[in-house]
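Working notes, structure below.
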Amino acid sequence: FKQRHHNRRSYYLNVYLKSEEWKRKRHLVLKRDNWRCVRCGALATQVHHLKYAKKNIGKEPIDWLVSVCKSCHYSFHR
């Protein structure tokens, strides 16, 4: 399982987050949230996953994604 998890994470970080599909989805989320962090209201520059699609990476609905500023995104992952 650990190897599979590592491969998924590697795919997610190195392939999916660099894809055109992700860039389009990210833009839709930022636009939907008016380029504002859903946590503090600052200018949002990043998109945070509330949940991940278990089997189909990249097939998550956009309601699983929220716009965040860099510092709030960091604190979500701490």
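The values are calculated or read from the model by the stated rules, or taken from the named source; none is laboratory data. Just so it is clear, the structure is predicted and the values come from calculations on it, not from any experiment. Here the Cβ positions follow ideal geometry from the backbone for every residue, glycine too, while neighbour counts run over all protein chains shown. All accessible areas refer to the heavy atoms of the entire protein, side chains included, with ligands and DNA or RNA removed. Shrake-Rupley method; radii C 1.70, N 1.55, O 1.52, S 1.80 Å.
Before moving on, here are some points about what is shown:
- Helices (runs of 4 or more DSSP H) fully within the range 1-77 that include at least 1 residues being open to solvent by less than 30 Å² (accessible area, probe 1.4 Å) and in contact with a strand residue (DSSP E or B) (Cβ under 9 Å, 6 or more places away or on another chain): 20-32, 70-77.
- The range 60-75: number of residues that are modelled with pLDDT under 95 and over 12 Å from the mean Cα position of the chain (by Cα): 2
- A single member of GLU21, GLU60 is in contact with a Gly (Cβ under 9 Å, 6 or more places away or on another chain) and without any contact (Cβ under 8 Å) to a residue 40 or more places away in the chain, and it is GLU21.
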